[in-house]
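Coordinate-derived values only; no laboratory data. This one's a predicted model, so the numbers in the text were calculated from it and none came from an experiment.
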Amino acid sequence: MFMNTDFLKNNEISLKLVKTTVGNIHKQWLPAYHFAIYDKQGEEVGGCDLRIGHNTNVYYGGNIGYRIEEQYRGSHYAGKACLLLFQLAKKHKMDYLIITCNPDNHASRKTCEYAGGTLEKIVQIPVDNEMRKAGETEKCIYRFHLHDY
């Protein structure tokens, strides 16, 4: 199921596999890759993950998650990591990916736009969803058609 990920690099960043998780059917968790993001100097600047497949949880939580350490923000590292992860998703025969963020998370919205996403809509999170139970109410749903990459 999981593939070699050594190719996930460009002249600005590289993704180093930290772990994989097999998922959990009962919790609707999909198999996932988890990476550290490194800049060209070899400094770890953040992390990202890619969930393989589609289900209700991923519609609200996204196929890709990312975080960039504060001192490294502003260099599009998250967007560049997403573009690399698109290559891995295509190897898994995925046609599209969803990335979500809170409507007031302007940095994440800029990341989705940088990576070429289309804002599909802003949705209310269902009351039985774990994110809603944690206090979140809305998500921006960005769709990425992988045939464009």
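Key figures
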{"quantity": "Coordinate range along principal axes, alpha carbons of the chain, Å, largest first", "calculated": "44, 34, 29"}
{"quantity": "Residue pairs, from the table Lys80/Lys110; Lys40/Lys90; Lys40/Lys80, whose Cα atoms sit over 21 Å apart", "calculated": "Lys40/Lys90"}
{"quantity": "Extension gain, Tyr114 back to Glu43 (0.36 nm per residue minus Cα-Cα distance, nm)", "calculated": "23.3 nm"}
